[in-house]
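Here is the structure we will look at, set down as structure tokens.
Taken together, the values in this text are just the output of simple stated rules run on the coordinates, not laboratory data. What you are looking at is a predicted structure, and each value in this text was computed from that prediction instead of being measured. Heads up, the Cβs are rebuilt from the backbone with ideal geometry, glycines too, and the neighbour counts pull from every protein chain shown.
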Amino acid sequence: MSRPTVVTPALARCTATDRDTFAAEHWSSRPLLSRAAALPTGFTDLLSPADVDEMVGERALRTPFFKLVKDGASLSGYTRTAVAGSQRLADLADADKLRELYADGATLVLNSLHRLHPPVVRFCRQLAVDLGHPTQCNAYVTPGGNARGFAFHHDTHDVFVLQVDGAKRWVVHEPVHQLPLRTQPRAGDDLVADGAQPLLDVELHAGDALYLPRGYVHAAVTTEQRSIHLTVGVLATTWYDVLEDTLGLAADELAFRNALPISPLRAACFTKAGEELPAFVKQAAQWLADLPVDKAQELLEKRLARAVPAEPLGVLAQAETVRSLTAATLVRPRVGLAVRLRDGTDGRVIAVLPDREVAVPQVARPALERCLAGPVRGEDLAGPDFSVDDGVVLLRRLLREGALVAGE
């Protein structure tokens, strides 16, 4: 029997290969260069040159959502002060100063567009759904003329470089530190040995994409053209993260909460603790070996449930959907909202949301499961001892609790 096709619309925009090939041959291991001709579309729908101008010129963009860098160093002196209500804000973008510094070769960095710019917010959420790992996104706007924003460095997360406009040359070398963790960043031209041959030396043009796993040393410079690119970071959950989470359960063990022996601060102060250390290591290893897998599984599921940020609610749209709801209204689960069901002690079933619980009668359980599985209408929920009107009441409750939103 063939496996069902998994639809990954955001990932498909970044990689000129299918999902399974990417997972087997590139994920967390090898770079992948994808040219625009092999990808479904460009990236100006995510961020255009006009979007950049509007963001820094017409919005009240504040630090740390933007900064300027040049040759690896952060610059200063590009903010202005304005009044909002009764507050004086001293960290707003000064478009005139930004223009001057950009003309002098500085790179404009737009930070955390996954929180700021709606098209990127939606794209990053979908990419997190596709990959099962959290994502983030910055934009880099660099003038032409061999300008460089950063020295050679490696990232501690995987990245998809999406060339929006212009061109940029990327020089990529093999890792000097395999799969660095978040606490292991490194930067500096000394990461590349004299005479070392790059693994990749390529120019990205509008619509091209480059996937770089964490650890690959890289730097980028513009050609004669300016460059606008998005760097979409994938904050991959590692087995080290899982181990850290699991070790937190050791706090429940009395033996691990015990204090070390008293040791006066002299040269031999650690003798007693040192003598007991081998037994401690053995005890800890045995504790981990005996740990029920389901306890670690629960922690893993909680971590993975946080990979996709909850879809933001339209305050007015949600209120209107609640007001106008009928048996024929299509609604759907809210993307990124982790909801699980458990049985209550009073015979009801409880939908557990991140910040609240919603209890309904057991007779509503099939309908509740149907609501959380995909798009649904109230008229679809009728069953034994559960009417269409009951379905509409359930949908209205879940809409008010923010578990459902209007369907497409």
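Things worth noting here:
- Applying 1/(1 + (r/R0)^6) with r as the Cβ-Cβ distance of R323 and Q87 and R0 = 35 angstrom yields a FRET efficiency of 0.50.
- Scalar couplings 3J(HN,Hα) for the stretch 41-48, obtained by applying the Karplus form with A = 6.51, B = -1.76, C = 1.60 to θ = phi - 60°, are 6, x, 10, 6, 6, 7, 7, 10 Hz; x denotes Gly and Pro.
- Förster radius 51 Å - calculated FRET efficiency between T223 and D385 (Cβ-Cβ, nearest 0.05): 0.15
- Stokes-Einstein D for the stretch 21-128, Kirkwood Rh over Cα pairs, 4 °C, 1.567 mPa s (µm²/s): 79 µm²/s
- Its DSSP H runs of at least 4 residues, each contributing -39,500 (n - 2.57), put the calculated 222 nm mean residue ellipticity of the chain at -9000 deg cm²/dmol, to the nearest 500.
- Neighbour-count order for L404, L212, fewest beta carbons within 10 angstrom listed first: L212, L404
- The residues L199, L127, L101, L243, when put in order of fewest to most other Cβ atoms within 10 Å, stand as L243, L199, L101, L127.
- Note, ³J(HN,Hα) from phi for the stretch 225-237, Karplus 6.51, -1.76, 1.60, rounded to Hz, x at Gly and Pro: 8, 5, 9, 10, 9, 9, 10, 9, x, 10, 8, 4, 6
- Counted by neighbouring Cβ atoms within 10 Å, the residues F160, F256 run from fewest to most as F256, F160.
- Were the residues from A50 through W239 laid out at 0.36 nm apart, the gain over their Cα-Cα distance would be 63.9 nm.
- Spacing of the modelled spin labels on E25 and L75, each 7 Å from Cα toward Cβ, amounts to 4.2 nm.
- 13 Å Cα-Cα reach of K302 towards aspartates and glutamates, excluding residues that sit fewer than 8 places from it in its own chain: D241, D245, D294
- Between amide H atoms placed 1.01 Å from N, distances below 5 Å from D158 occur with R214, V234, A236, all of them 5 or more places distant or on a separate chain.
- Residues in the stretch 207-222 carry Karplus couplings, in order, of x, 7, 9, 9, 9, 10, x, 4, x, 6, 6, 7, 8, 9, 9, 7 Hz; the curve used is 6.51 cos²θ - 1.76 cosθ + 1.60 with θ = phi - 60°, and Gly or Pro positions show x.
- Cut-off under 5 Å, modelled amide H: who pairs with E203 long-range: W170
- 5 angstrom amide H check on V405, placed H, neighbours 5+ away: R332, R334
- Shape call, the stretch 331-408: gyration tensor on alpha carbons, a/c limit 1.5: oblate
- Stretchable slack from R122 to E203, in nm (0.36 nm times residue separation minus alpha-carbon distance): 26.4 nm
- Summed residue charge, Cβ within 13 Å of D51's Cβ, Lys/Arg positive, Asp/Glu negative: -4
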